[in-house]
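Structure record follows, encoded as structure tokens.
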Amino acid sequence: MSVARLKSKQQGFSLPEVLCSLALFAVVMTVLLGYHRVLLQGFQAQWQFRQLWRLAVELTEPQSPQAPEEWKVIRQQTTAAGCVSIAVNITSPSGRSGQLSRLHCP
């Protein structure tokens, strides 16, 4: 009889244990997904920041390429005493902006 009793106690988890573990799993997954979203936003902001400055450096060259259409670019070029000064104000599609100027002398 003690063997039959022992087998009946080893049938698995109880309903409250399963519900508690499911609730804990849901809370942990919600926290991890929120953390992932924050990390992703940070990486995207850093990538846009690097892209903004890379494009600004390219646009301050005397023979610069065209900027993408969704970017707002104001480029001013002046020449004095054989040197060319190029100033660029650039705004990304997300609203980040930067200003860069360079002086090119032969």
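The values are calculated or read from the model by the stated rules, or taken from the named source; none is laboratory data. If you're wondering where the values come from, they're calculated on a predicted model, not measured in any experiment. Neighbour counts are summed over all protein chains in view; Cβ atoms, including those assigned to glycine, are modelled from backbone coordinates with ideal geometry.
Quick notes on this structure:
- Within region 62-93, the set of residues being surrounded by 12 or more Cβ atoms within 10 Å (Cβ to Cβ) and under 21 Å from Gln48 (Cβ atoms) comprises Ser64, Ala67, Trp71, Lys72, Val73, Arg75, Val88, Asn89, Ile90, Thr91, Ser92.
- Any chance Trp47 is at pLDDT below 95, loosely packed, with under 12 Cβ neighbours inside 10 Å and under 16 Å from the mean Cα position of the chain (by Cα): yes
- Candidate set: region 80-106, residues that are within 24 Å of the chain's Cα centre (by Cα) and part of a loop (DSSP other than H, G, I, E, B); chosen: the one farthest from Glu70 (Cα to Cα): Arg96
- Some residue of region 60-67 being modelled with pLDDT under 90 and either more than 30 Å from Ile90 (Cβ to Cβ) or part of a helix (DSSP H, G or I) (or both): no
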